[in-house]
Amino acid sequence: MSDPLAVNPTLSLEVQLELALRLTVGLILGAVIGFERELHRQPAGFRTHSLVALGAALFAIISGYGYGGDNADPTRITAQIVSGIGFLGAGTILQFRGHIRGLTTAASLWSVAAVGAATGTGLYVIAVLGTALIIVILALLDRVESFARRRYNLGPPGYNVDRGDEPEGETKDMSP
């Protein structure tokens with residue numbers, strides 16, 4: 001009979017405390033990004049981003065430390081975070097009156113999962129820098145986009161969806 005600890009190794013208290021710190025940092029960084037989304041009244045806000053970052057950090061820790069032995073591959077679980085978050089992000093994308101909304105929210109959830117995975121693997125500097133860059137993109141580039149829309153008289157934000165029911169060459173006004 002094989003040793004059960006070879007599959008799930010015992011970790012010292014020091015290592016477990018480090019892993020707890022990784023979870024906490026992941027949660028905090030996800031919360032920072034979620035707070036920015038909450039300020040913009042987005043459907044995925046403070047709690048959602050916090051949970052995604054925490055979950056990704058936890059999966060990364062499980063992937064790296066939860067399994068031992070010769071057949072252990074710490075990249076397998078972490079790789080599945082990407083597709084799992086893609087599924088969650090897809091749920092935030094909506095079509096409303098010919099416009100697609102929620103792409104930025106989906107992208108922020110995907111990005112915050114990467115921040116969580118970075119903290120889960122102990123890449124604190126990368127996680128903090130990633131968080132700062134995400135905040136810059138969400139907060140600063142939103143202002144740049146608004147300025148450009150006003151300056152160049154561009155249409156409302158969103159992506160038009162070709163509904164296929166109007167004759168070629170004609171388009172309906174899809175504004176709400």
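The values are calculated or read from the model by the stated rules, or taken from the named source; none is laboratory data. Treat the numbers as computed from the prediction; the structure is a model and nothing was measured.
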- prompt: Which condition breaks for SER2 when tested against (1) modelled with pLDDT under 80; (2) polar (S, T, N, Q); (3) under 18 Å from ALA106 (Cα atoms)?
  reply: (3)
The lone exception for LEU109 - which of (1) under 19 Å from VAL128 (Cα atoms); (2) more than 12 Å from the chain's Cα centre (by Cα); (3) modelled with pLDDT under 95 it fails: (2)
message: What's the number of the only condition in (1) under 17 Å from the mean Cα position of the chain (by Cα); (2) over 15 Å from ALA127 (Cα atoms) that ALA31 fails to meet?
response: (2)
